[in-house]
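Working notes, structure below.
The values are calculated or read from the model by the stated rules, or taken from the named source; none is laboratory data. Bear in mind that the values here come from a model prediction, so they are computed numbers and not experimental data. FYI the Cβ positions are ideal-geometry reconstructions off the backbone, even for glycines, and counts take in every protein chain you see.
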Amino acid sequence: MTSSIDWISQNDALPAALAEAARELAAEVTVVRPAELLARREAGPSVAVVDAALEDSLIDRLASTDATFLVAGHDAELPRLVQVLNRLNAEGILLAGDASAPDIVGRCSLRMRDHGRTATAKRELDATVARLRSQLAAVEASSVSVRASIDGATGLWDTVHLVERVEDELNRLGRYGTAFGVLAVITGSASLGQDVAFAQVLMDFVRRVDVCTRRGLGDFVVVCPNTDEPGMRRFAERLREAVDVAVQQGTLAQVELRIAVVAYGSGAVRSDTVLGDLAAAMAAA
């Protein structure tokens, strides 16, 4: 790709040293008016050399762009060159006297190499930022979904998540024949504080794979993966024992438990059927 040098000036005449530098670098020099550079939407050229003789108002406008500059002028203009350098936050000064062509060649050559590396690094950084933003958006969406499915009082899952997990277990049952069970508990609780205490007992009791949910005051449901009907009955018995221990230790007020269980090991079943069977078992308990 042919390298290019933009001469940012109101004057069409190129400094002799800049023209010599372009020849040695096999670069094309284009005279660009400040307004043209300001109107560009894409990244700047390989080298942008700014004429220090530009008006201050134009220098200030150029400083607001993302371009990277070198400042060019004669030795006698050094104070002005330093002033423009600082206002543009430019990379360096080119003293465009007749004897300074090698200096301009070296600086322009280095700038061209740096531009290539910088452009590549910027593309990689932009891609990384875009990827991180995408990941952050996914995490935020997941976090919102989780917060929306948690019972705010007890920290257990809510009814929406209960149905989702029952559907998951039904899919596993259909694909792999993996049994699962569901347990419902009615505690007769009359207060939110009692529900919070019972929820803690329940979370301490269940396995890590079990899913505890709260549907309302004193109404809890546990989904138990990989558990058949005899296993669910044993689960219910052990839960009663754990509640008795909590009552004896004073961490839970006396409750009157009603427990019902259902289990599935084969067949095509719907989630509403599971919850209907559970309600019927509770009514009979």
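Here the strands (runs of 3 or more DSSP E) wholly within region 39-138 that include at least 2 residues being modelled with pLDDT under 70 are 92-95. The selection criterion, being more than 20 Å from Ser191 (Cα to Cα), at pLDDT 95 or above and in the same structural domain as Ala184 (by TED's automatic domain parsing), does not hold for Ala268. Would you check if Val223 is under 42 Å from the mean Cα position of the chain (by Cα) and closer than 27 Å to Ser266 by Cα? When the stated conditions are applied, Val223 passes them. Just one of the numbered conditions (1) closer than 19 Å to His161 by Cβ; (2) over 37 Å from the mean Cα position of the chain (by Cα); (3) small (Gly, Ala, Ser) is not true of Ala190; which one? It fails just one condition, (1).
Collect the residues in region 189-211 that are surrounded by 16 or more Cβ atoms within 10 Å (Cβ to Cβ) and over 18 Å from Leu252 (Cα atoms), keeping them in residue-number order. If the condition is that a residue be surrounded by 16 or more Cβ atoms within 10 Å (Cβ to Cβ) and over 18 Å from Leu252 (Cα atoms), then Asp210, Val211 are the ones that fit.
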